[in-house]
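Taking it in order: structure first as structure tokens, then the write-up.
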Amino acid sequence: MPRWTEAARQKQQQTCLRTKPWLSATGPKTEFGKLASSQNARQPRVFKGVEAPLRRRLTRIYKQNLEPQQLQDTITAACLGYLDEADTASERQRRIAHIVTSFMR
């Protein structure tokens, strides 16, 4: 974002006061959209320490709107392919459990 000069800031303020964009702003309308937006603040915690390819895969899985058991099984299977082989089995299991429970909330 560019640094705003005082003149540009005042001009933007006047434009916003004139057009009132907040009056036409809408939030999510579908149940899925409401659920997804309600989780926006939670996402970084879910993905903490998770590499980008797995994050992308988990996001695609999450958007499929699966039943809870199917979601849990799919996330577990996806995680197994991405987690570091150097981790101990118990560490991998702990990380998978953390990711699954974060998604299931």
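For segment 58-104, the tally of residues that are over 20 Å from Ser38 (Cα atoms), in a helix (DSSP H, G or I), out of contact with any Leu (no Cβ under 8 Å at 6 or more places or on another chain) and not aliphatic (A, V, I, L, M) stands at 9.
Going by the conditions given, is Arg45 in a helix (DSSP H, G or I), of a type in the set (Lys, Arg) and modelled with pLDDT under 80?
Spelling it out, Arg45 is indeed in a helix (DSSP H, G or I), of a type in the set (Lys, Arg) and modelled with pLDDT under 80.
For beta carbons closer than 9 Å, sequence separation of 6+ or different chains, a first residue in segment 72-101 that is on the phi < 0 side of the Ramachandran plot and touching a residue at least 40 places away in the same chain (Cβ under 8 Å) and a second that is surrounded by 13 or more Cβ atoms within 10 Å (Cβ to Cβ) and in a loop (DSSP other than H, G, I, E, B), the qualifying pairs are Arg95/Val50; Arg95/Leu83; Ile99/Phe47; Ile99/Val50.
The values are calculated or read from the model by the stated rules, or taken from the named source; none is laboratory data. Bear in mind the structure is a predicted one, so any value in this text is a computation, not a measurement. Heads up, the Cβs are rebuilt from the backbone with ideal geometry, glycines too, and the neighbour counts pull from every protein chain shown.
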